[in-house]
1. Any of C:122/C:223; A:140/C:612; A:115/C:622; A:26/A:117 with alpha carbons more than 29 Å apart? Name them for me.
2. Classify the protein assembly as shown as rounded, prolate or oblate from the Cα gyration tensor: take a ≥ b ≥ c as the square roots of its eigenvalues, call it rounded if a/c is under 1.5, otherwise prolate when a/b beats b/c and oblate if not.
3. Using alpha carbons only, how many angstrom separate the centre of region C:331-363 from the centre of region B:61-85?
4. Any idea what Rg and Dmax come out to for region B:21-119 if you just take the C-alpha atoms, in Å?
5. Using a Förster distance of 25 angstrom, determine the FRET efficiency expected from the C-beta separation of residue A:124 and residue B:24, and round it to 0.05.
6. Please compute the modelled spin-label separation between residue A:87 and residue C:227, points set 7 Å along Cα→Cβ, answer in nm with one decimal.
7. Take the Cα of residue C:541, step 7 Å along the line toward its Cβ, and report every residue of region C:597-611 whose backbone nitrogen sits under 14 Å from that point.
8. Tell me, what HN-Hα J-couplings in whole Hz come from the Karplus equation 6.51 cos²θ - 1.76 cosθ + 1.60 at θ = phi - 60° for each residue of region C:291-297, using x for Gly and Pro?
Amino acid sequence: MTEKIASEEKVIFNLGSEKFALGTEKVKSIEEMQDIIPVPLAPPYVTGLINLRGAIVAVVDLRQRLGLADIQNGRDMVILIVEHNGEDVGLIVDRVLSVEIFEMKSQPVPEAVTKTKSGRFYLSILGAKDEKVVILNLDKILALEEK
Amino acid sequence: MGHRVLVVDDAIFMRTMISDILKKGDFEVCGEGATGAEAVEQYKKLKPDLVIMDIIMPDMGGIEAVKAIMQIDPNARVLMCSAMGQQALVVEAIQAGARDFVVKPFQPSRVLEAARRVLQIS
Amino acid sequence: MDTTKYRDLFVSETREHLVSLNRALLALEKNPDDPALLDEIFRSMHTIKGMAGSIGQDQIAELAHKAEDLLDRLRKRQLKLAQPQVDAIFESIDYLESAVAELAAGRDPQQSLKDKGSGLSKKIEALAVAPQSSKTEASSNVSGGNDFSRINPLKTADSFVYKVRVLLEADVALKSARAFLVLHTMEQFGKIAYTVPERRDLEAERFDRGFSVFFVTNLHSEKEIKSRIGYSEIEDIEIEEVVEETEEEAVERRTVSAFTQLAQERPREVKVSTERLDKLMNLVGELVVWRERLKQLAQMSQNTLIQDSVDQVAQITSELQHQVLASRLVAMSEIFDRFPRVVRDAAKVLNKDIDFKLEGRELEMDRSILQMLAEPLVHLLRNSVDHGMETMVQREASGKRKIGTVTLSAQKVKDQALITVEDDGRGIDHEMIKKKAVEKGWATAEQVSGLSQKQAFDFLARPGFSTAEKVTEVSGRGVGLDVVKSRIESMGGSISIESTAGQGSRFLLNVPLSLAIIRTLLVSARKQVYALPMSQVMETFELKPENVRTLQGKTAIVYRSQAIPVQRLSRALKLETEEGILSGPTVVLERQGSFAAYVIDRMVGQQEIVVKPLSRFLNADKTFSGVAISREGHPMLIVDVNNLET
């Protein structure tokens, strides 16, 4: 057998102009943007709650969580429903681009990047330069921070 | 020299991926096709050791292509590619004469293992 | 071998056996001469052994086997029952519980609990040393019998019968197509008598990873057969030649292991995952919301045909809701039966002798409420044993029976469950509590003198009552009581305390029997609707600016001849910082005996709501106790009045 080639299916999406990805096995569904009920005293990156067919799901503003610039996009925004520690959580992203199977080796995140505000949420990087796709670390993004 | 394989899939992406996997596994990709009809044509011409073929394709589908190929060569070895949820089609392809199948998304090791099994090399 | 489907069955069945093991062993400790109890314990261990062996949990099987040996000797009176043995069996039960928990969490106890398991096995083996060794049979195999009525018709003079066991790889996709491929290939060189599971189950993917094929062929080479069906994504193939069984073997087969029975029996009751029950509950909750909406629309339409249909739908929906709620009911025994062990262990550590009584095990209540109750009850029981009960010496000195009594009972009172934890210990001196409350500055000496006993005991459950570094006999009773109280209240229940100094204490919990459907007052603040539990709403009125005073820099109003704080709800929720002039609709809320008023934007109405837990992201500061769905279908937060800023 040749060396390990990760062929994994990823959901690719935009936050601003940058491309990010999560493994399809982590994404339960993609939901249209809808009314989100804000929750007082919640962490700033938690936008609020939605009613997803009778189940109430907390929604996280992924852009804010990653500390990215706040650009109002609106039109193509969707909510990715992911499962984390047995709980469904929604992630707001600007646009879902595609679902693709990648068959290349991902590179580790350069150390300089891991120290940036958003870099600590990166798992690895696929491709280079313009075609760069950042694979996100869901566990870190959804970890509760001590106050 | 490795065994000669004909790769048939309507998506260039999938063909490229399968070919890459096969080449890394010491197989020779002797031809490619995008439809069932092309598969049958190529089979006649190339007489490959193995055909790896998608189950759903425009023009002539994978199952009909298996039947046509088996008519030409009852000992043809065909390995089907299927997506999740195509259980019934896979069963039909096996009845038509396909020797084994792999399920997308592919794990390279599974494709190679299946190819080697069908060709009875270890 | 990884067999998830069987694993879940194994987990739930073993847990049931562990509960009865615990109960029987506790009883045995009191009645060491009761042979029926030993038999029961022996049988449970035996069943666990068989099940564990069948799913490849050899370590559990090994331990259960050793325990079974020990029990067998006790049963045959080759050994005398003594404390070390009882303790060792308790210890094995604990080990089995943690092993099962590991399994349930998807981990392999053979890895995570390896050393513990083998150490315990050796310990038990040593305890079981007895003159003669009894039979040690291998754990029974889940092979089932071979059905020759289906095999024989296919046999010919030169054919052979094989049982071929195929194990697919763990993450194989399109399992039934993979199984079909194997069967299809086998049919090229032989005939298939039948398969286990049956072929239709294989086709419908009703199998885990393995299946067996009873196969008649002229090939007489296991190796050849194996190589012909050696397809990809197959982990293992086992082939054995099958010969018709003798009468003796047939008899043995009839004593099928409990596990096989379990897997094959068609039970009258179906086990439904709690997840599915929760989903059903969600959907019904949603349906009820839409029913309300539909009713409104029907009324507006003034069309009697529509109204009649809606009434019908409404009735069916109510019945459906009722049935779903009923399907979630489980008996108290589900958690109660764990408690004798809790009390025994706590008493043992403290060297106290306690007679623990359980009443009302059969009372049924909603599964999720019951689960939430477990922790507070453990706390109250421990408190009773730890702080409530005197030492044996003290009891004797005060002329009491040396053995203390702790009683846990459950009964139905109206549509609520009344659960009491009662002890005949030293009781609580309410005068002492009053004194402490004054020390804490919670009340003045004059105020407390007018308080009833019951009101005095409420201080016990206040956060901070028992923060004293050294837990004294009195303050000890308050430890964690604030947590217990807020937990009970978040379920829509209440707690009260009764006690007579010197004679004992009683903690009374009132909790809903059925899933938290609570009556709420809906109010809006900053355009959002919030739900306030009706049980804590004292009054609503229109506040006039001239009635607001400022006391020590805080705004207040007079309510029941008492100054109480007032502010905007939106400010308490940190939605704004400006106070402005306070006026408009106002609610007075009761919070642990005191009152606070909140000015709101508007009264929205009243609604019965099904309480759902809040996402853990939002649970940090406990301002909200849960969430529900509004009539319009939006999430709606339920304010935890006790934690709302005043």
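Only the coordinates and a few stated rules stand behind these numbers; no lab work does. These numbers were taken from a predicted model, which means no experiment stands behind them. As a convention, Cβ positions derive from the backbone with ideal geometry for all residues, glycine included, and neighbour counts pool all protein chains shown.
1. Working: C:122/C:223 41 Å; A:140/C:612 26 Å; A:115/C:622 33 Å; A:26/A:117 23 Å.
From the list (C:122/C:223; A:140/C:612; A:115/C:622; A:26/A:117), the Cα-Cα distance tops 29 Å for C:122/C:223; A:115/C:622.
2. Values: a/c = 2.36, a/b = 1.35, b/c = 1.74.
Verdict is oblate for the protein assembly as shown.
3. 67
4. 12.4, 33
5. On the way: r = 22 Å, r/R0 = 0.87.
With a Förster radius of 25 Å, E is 0.70.
6. Taking the two extended label points, one gets 5.8 nm.
7. Answer for region C:597-611: C:597-599.
8. Per residue, the Karplus-derived 3J(HN,Hα) values read 4, 4, 4, 4, 4, 4, 5 Hz.
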